[in-house]
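Asker: Pasting in a structure now, in structure tokens, and then I'll have a few things to ask.
The values are calculated or read from the model by the stated rules, or taken from the named source; none is laboratory data. Being a predicted model, the structure only gives us computed values, none of them experimental. Note: ideal-geometry Cβ built from the backbone for every residue, glycine included; neighbour counts use all protein chains shown. The protein model used for the area step is the full one, side chains on, heavy atoms only, and it has no ligands, DNA or RNA in it. Shrake-Rupley method; radii C 1.70, N 1.55, O 1.52, S 1.80 Å.
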Amino acid sequence: MVRLYTDNVSIGYGERLIVKNLSVQIPDKKITTIIGSNGCGKSTLLKAITRIISHQSGAVILDGESIAKENTKLLAKKMAILPQTPESASGLTVGELVSYGRFPYQKGFGRLSKRDYEVIDWALEVTGTKEFKFRPVDALSGGQRQRVWIAMALAQETEIIFLDEPTTYLDMAHQLEVLELLQRLNAEQERTIVMVLHDLNQAARFADFIIALKDGEVVKAGDCEEVMTPEVLKKVFRIDAEIGRDPRTNKPVCVTYNLIKGD
């Protein structure tokens, strides 16, 4: 089943096109990762799908309707996004930050309801951040902060969550912590997860579906067996890759690679 897809979408800044006539489907209740070199359009695509920026032509379709016509609060009840560099949460406690996820459900003067508080506590519990509820966000480690931002996205109660490089600036243990949390959310709550990742082996390990982009166009989209091949990686990254098998997951991994020089 596919609830979300793009239909010949072109996205750019001014007259410069970043993404060109791109059509791609996002599998429902699966984990999708988007890979590609810097500047290929990964973050731009995420921003257009979530309506942070407008697309110049084509359409982004969710549940049979163009998101361009969707009411903002209704759209925020369907999809949440954690940007690459979240805005500063200076001066906020963890509980206060997570409460911002309840904005689409607030009416009138925006007071939190009993239901809002229940959802906030649930989001903190699921992400393992409940013990930090009254602690300043600035006082947390990078991995803890990232889990708090994910808790805020969860508090929106959306079925689709977008994350732009959620492991950036985190050490290996915290990267794994965040990715395993997202994997649990997908497995236990059937959340559709869409994220941009730089690490190819993390993408292969945690994704059900991978979209490989180059210069704003899809080179290959499919499961990790289809995308993690020397041929695809050569086209996307200009590398000569050796592909092996992860002894724990049996998924393909990039064991080593060389740069391809020249034309």
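Asker: Using alpha carbons only, how many angstrom separate the centre of the range 126-181 from the centre of the range 3-69?
Answerer: 24
Asker: Under a Cβ-only charge scheme (Lys and Arg +1, Asp and Glu -1), can you give me the dipole magnitude of the range 4-259 about the Cα centre, in debye to the nearest 20? Before the final figure, lay out the partial values.
Answerer: On the way: 32 positive and 34 negative charges, 104 e Å.
Result for the range 4-259 is approximately 500 debye, rounded to the nearest 20.
Asker: Further, regarding this structure: Express in Å², to the nearest 10, the accessible area of Leu163 obtained by rolling a 1.4 Å probe over the protein heavy atoms while all chains stay in place.
Answerer: Here the residue's solvent-accessible area equals roughly 0 Å².
Asker: In the neighborhood of Gln189, defined by Cβ-to-Cβ distances under 12 Å, what is the net charge if each Lys or Arg adds +1 and each Asp or Glu adds -1?
Answerer: Details: positive: Lys29, Arg184, Arg191; negative: Glu157, Glu159, Glu188, Glu190.
Its environment carries a net charge of -1.
Asker: Take the solvent-accessible surface of the protein heavy atoms, probe 1.4 Å, and return the percent of it on the chain that carbon and sulfur atoms account for. If you can, show how the numbers build up before the last one.
Answerer: Working: 6450 of 13500 Å².
In the chain, the share of accessible area belonging to carbon and sulfur is 48 percent.
Asker: So, counting K/R as plus one and D/E as minus one, what does the shell of residues with Cβ under 14 Å around Met172 add up to?
Answerer: Values: positive: Arg205; negative: Asp171, Glu177, Glu180, Asp199.
Surrounding charge for Met172 is -3.
Asker: Among all the lysines, which ones have a C-alpha under 19 Å from Lys114's C-alpha, if same-chain residues fewer than 8 places away are not counted?
Answerer: Lys77, Lys130, Lys133
Asker: Filter the chymotrypsin sites (Phe, Trp or Tyr not before Pro) in the range 44-118 to those in DSSP coil with at most 16 other Cβ atoms within 10 Å of their Cβ, and list the result.
Answerer: Details: sites: Tyr100, Tyr105, Phe109, Tyr117; in loops: Phe109.
Counting only loop positions with at most 16 other Cβ atoms within 10 Å, the chymotrypsin sites (Phe, Trp or Tyr not before Pro) in the range 44-118 are Phe109.
Asker: Per residue, what accessible area does the chain have, given a 1.4 Å probe and all protein chains present, in Å²?
Answerer: On the way: 13500 Å² over 263 residues.
That works out to 51 Å² per residue.
Asker: Can I ask one more? Across every pair of different alpha-carbon atoms, what Kirkwood hydrodynamic radius in Å does the range 1-145 reach?
Answerer: Values: mean 1/r = 0.0571 Å⁻¹.
It is 17.5 Å.
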